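For reference, the structure is listed below as structure tokens.
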Amino acid sequence: MRLNELKAILERHKIPTESWGRGEAKTLSHLLTEIHGEEVVLQEESDRLLRVIATVMLDVYCAVGNKVLVLKEDRQIFHDGRCRSRSLNTSLGEKMKRGEKAEEAARRALREELCITENLPFTQTSEPRTESAPSRSFPGLLTMNTHYTFKVSLPQNHYRAEGYIERQSDKTTYFVWETKKNDSL
């Protein structure tokens with residue numbers, strides 16, 4: 001699929017893209033990259049267009065001294081200068097690729113976002129759930145998302161007090177540690 005073909009599909013379904021690439025919204029090229037990266041399928045129904053994704057949500061903890069810390073995404077800075085703060089309910093969120101198992105995607109998230117390659121044990125914290133909601137990244141486009149949620153405890157050798165930085169071709173994401181409300185993992 002090419003950019004002009006994607007734009008035609010969106011126009012046919014009356015999805016306005018004028019606000020894309022401004023504020024917290026991603027661009028049309030971002031959506032095309034997600035499609036080519038096999039992270040997203042656009043599903044055309046008679047009266048609507050759905051962006052269908054599956055995501056892994058991963059809570060990352062580390063025991064430091066007598067405290068339990070939880071990692072949180074602080075912000076994303078796009079290379080055009082825009083800043084986006086997401087209120088994720090978990091430490092990391094990663095779109096799964098077509099055919100990828102949830103635990104494989106969780107390991108990929110640790111590797112790509114925190115540069116952790118060690119095969120750490122994960123615990124699935126809930127059953128997968130599917131929900132549909134308007135997309136914040138692509139305003140006007142409804143997204144159907146199946147969420148898989150895990151948690152992982154980092155050993156001390158992976159703890160960085162200053163947090164973590166993920167650099168991508170279009171943005172940089174910053175992660176920081178917060179004290180967990182109750183000190184149990």
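The values are calculated or read from the model by the stated rules, or taken from the named source; none is laboratory data. Treat the numbers as computed from the prediction; the structure is a model and nothing was measured. All Cβ positions, even for glycine, are placed from backbone atoms using ideal geometry, and neighbour counts span all protein chains on display. Calculation scope for accessible area: heavy atoms of the full protein, side chains included, ligands and nucleic acids excluded. Shrake-Rupley method; radii C 1.70, N 1.55, O 1.52, S 1.80 Å.
Just the residues that are charged (D, E, K, R) and either open to solvent by 40 Å² or more (accessible area, probe 1.4 Å) or over 19 Å from Gly37 (Cα atoms) (or both), please, taken from the stretch 69-94. Give the derivation first.
Keep residues of the stretch 69-94 that are charged (D, E, K, R), which gives 72-75, 80, 82, 84, 86, 94.
Scanning the stretch 69-94 gives Lys72, Glu73, Asp74, Arg75, Asp80, Arg82, Arg84, Arg86.
Give me the residue from the stretch 124-146 that is touching a residue at least 24 places away in the same chain (Cβ under 8 Å) and aliphatic (A, V, I, L, M) and, out of that set, farthest from Cys83 (Cα to Cα).
The first filter runs over the stretch 124-146 and keeps only residues touching a residue at least 24 places away in the same chain (Cβ under 8 Å), leaving 124-125, 128, 132, 135-146.
Adding the requirement that they be aliphatic (A, V, I, L, M) leaves 141-142, 144.
Values: Leu141: 21, Leu142: 23, Met144: 25 Å.
By that ranking, first place goes to Met144.
Looking at (1) under 23 Å from Ser153 (Cβ atoms); (2) out of contact with any Ser or Thr (no Cβ under 6 Å at 6 or more places or on another chain); (3) not basic (Lys, Arg), find the lone condition where Asp59 falls short.
(2)
Restricting to the stretch 148-168, what's the tally of residues that are open to solvent by 20 Å² or more (accessible area, probe 1.4 Å) and touching a residue at least 12 places away in the same chain (Cβ under 8 Å)? Walk me through it before giving the result.
Taking the stretch 148-168 as the starting set, the residues that turn out to be open to solvent by 20 Å² or more (accessible area, probe 1.4 Å) are 148, 151, 153, 155-162, 165, 167-168.
When the remaining residues are screened for being touching a residue at least 12 places away in the same chain (Cβ under 8 Å), the result is 148, 151, 153, 155-156, 158-159, 161.
Going through the stretch 148-168 one residue at a time, the tally reaches 8.
For the stretch 103-112, indicate whether the set of residues that are without any contact (Cβ under 8 Å) to a residue 24 or more places away in the chain, buried (at least 17 other Cβ atoms within 10 Å of the Cβ), within 15 Å of the chain's Cα centre (by Cα) and under 20 Å from Cys62 (Cα atoms) is non-empty.
Looking only at the stretch 103-112, we keep the residues that are without any contact (Cβ under 8 Å) to a residue 24 or more places away in the chain, and these are 104, 107-108, 111.
With the extra rule that they be buried (at least 17 other Cβ atoms within 10 Å of the Cβ), the set shrinks to 107.
Filter again for within 15 Å of the chain's Cα centre (by Cα), leaving 107.
Restricting the remaining residues to those that are under 20 Å from Cys62 (Cα atoms) gives 107.
Looking for residues that are without any contact (Cβ under 8 Å) to a residue 24 or more places away in the chain, buried (at least 17 other Cβ atoms within 10 Å of the Cβ), within 15 Å of the chain's Cα centre (by Cα) and under 20 Å from Cys62 (Cα atoms), one finds at least one in the stretch 103-112, hence yes.
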